[in-house]
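A.B. asks: Please find one structure pasted underneath; my questions will follow.
The values are calculated or read from the model by the stated rules, or taken from the named source; none is laboratory data. Everything quoted here is computed from the prediction, not taken from an experiment. Cβ sites come from the backbone with ideal geometry, for glycine too, and all protein chains shown count toward neighbours. These accessible areas exclude ligands, DNA and RNA; they are computed on the full protein's heavy atoms, side chains included. Shrake-Rupley method; radii C 1.70, N 1.55, O 1.52, S 1.80 Å.
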Amino acid sequence: MTDPHLTTPSGKLRARAVDIPFEGTPGRFNAITDVPGVTVGYTTLISGDGPLVVGKGPVRTGVTAILPRPRDELAVPAFAGVFSANGNGELTGSPLIEELGAFNLPITITNTHSCGVSRDATLRWMQTVLPHALDSAWALPVAGETYDGFLNDINGHHLSFEHVFSALDTAESGPIDEGSVGGGTGMITFGFKAGSGTSSRSVDWNGERFTIGCFVQSNFGARRNLVIRGIRAGAELAEPAIRDNTPRAEKSSIIAIVATDAPFMPHQLKRLAKRVPLGVALTGGYGYNSSGDIFLAFSTANADAARGAAGRLASAGYIPDADINPFVDAVIQSVEEAILNALVANEDMSGRDGNFVPALPKGWLEGRFGAHHTADRSWLSFRGLRRLRHGMALEAAKD
């Protein structure tokens, strides 16, 4: 059996497979699906080559579906917080989350010009899956987008309701694919092929273990700014370069979804969403003018309180703000790794008009981080040995 920390289900390498070192303890699958009840599905659309013919292709797009609860519980709200670090983008349902601190129904992420399709298809799908959930209620699904028009016939509107239905129907737990899949199919990060990425962290608190999981649709950043675990890699990676046969305007964005089973209130989840940009910044993302950097954090805990039935007092337990710091660490760590996973689990891609985006070179990564990681482990082992000896000396002195 392959190690899900090292490879995706389709066999693509993840960042840990090339010895990129990370902080924190990942969950079982190192994915947002480590949060119990959270599932992810994709529909990936790749067809055609050559000159752009609007309505025909080439097509390099798709949709990602994230279900925050099991199917039969999708109408149950989840406490949530949303934060826009740079609002040049779209995340539908955000005003409702700002107002009520909660949302329900699946989340979808796709390309900029198909965001409405994925939103509306989610409502149609819910009418089939939970036909009574919307009988006497309105709903405002969460749908996000990033721009894939450099590689994709974005004005051809190739995403259909059926494609969204398929992503929703196939959402699953466990290890999930990354890279050029789902809504991330046509996306670019730091001038390299990117797209969908995920990661998770385990956090121990008061005798219990909780999970922070992150999913990103990564489509941002200038090559010169790329940082990989503190190494300013952009200067070393001027090549391979993007080949642009059509003008490449600055249209970059990142959507990040943070999920947790830790009991947090809406204001605390907004605080966690506000920490996502710190993980983005660790990779060299600076929130340039056209970048839509919009982040959602939600908790699967306190379902009864989030449901808020009329006529009775709702009670919710939550971790105090004084103890939030380890969860802040987990958000930042998982966001950084999710972005790097989106880059590593990828290959070169050509698209409309022969536009070409290279993959982040695996050889460079292995050469740069293999030795770096070994040296780092040796230093940590030496430091740990010194601390152990120091501790033993203190105990001996007490005796």
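Quick grid of which residues meet (1) surrounded by 20 or more Cβ atoms within 10 Å (Cβ to Cβ); (2) touching a Leu at 6+ places or on another chain (Cβ under 6 Å); (3) farther than 21 Å from residue 331 by Cβ:
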position: 44; (1), (2), (3): yes, no, yes
position: 47; (1), (2), (3): no, no, yes
position: 55; (1), (2), (3): no, no, yes
position: 68; (1), (2), (3): yes, no, no
position: 76; (1), (2), (3): no, no, yes
position: 84; (1), (2), (3): no, no, no
position: 95; (1), (2), (3): no, no, yes
position: 116; (1), (2), (3): no, no, yes
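A.B. asks: Within the range 146-190, which residues are of a type outside the set (A, V, I, L, M, F, W, C), more than 16 Å from the chain's Cα centre (by Cα) and open to solvent by less than 10 Å² (accessible area, probe 1.4 Å)?
C.D. replies: 148, 149, 152, 153
A.B. asks: Return the total of residues in the range 219-250 being touching a residue at least 60 places away in the same chain (Cβ under 8 Å), farther than 30 Å from residue 53 by Cα and not in a strand (DSSP E or B).
C.D. replies: 5
A.B. asks: A follow-up question, please. Filter the range 214-233 down to the residues that are in contact with a strand residue (DSSP E or B) (Cβ under 9 Å, 6 or more places away or on another chain) and small (Gly, Ala, Ser), then identify the one that is nearest to residue 260 (Cα to Cα).
C.D. replies: 218
A.B. asks: In the range 319-329, is there at least one residue being of a type outside the set (S, T, N, Q), touching a Ser or Thr at 6+ places or on another chain (Cβ under 9 Å) and open to solvent by less than 40 Å² (accessible area, probe 1.4 Å)?
C.D. replies: Within the range 319-329, one or more residues are of a type outside the set (S, T, N, Q), touching a Ser or Thr at 6+ places or on another chain (Cβ under 9 Å) and open to solvent by less than 40 Å² (accessible area, probe 1.4 Å).
A.B. asks: If you check residue 43 against the conditions, is it at pLDDT 95 or above, within 17 Å of residue 66 (Cβ to Cβ) and either touching a Cys at 6+ places or on another chain (Cβ under 6 Å) or not hydrophobic (A, V, I, L, M, F, W, C) (or both)?
C.D. replies: Yes, satisfied.
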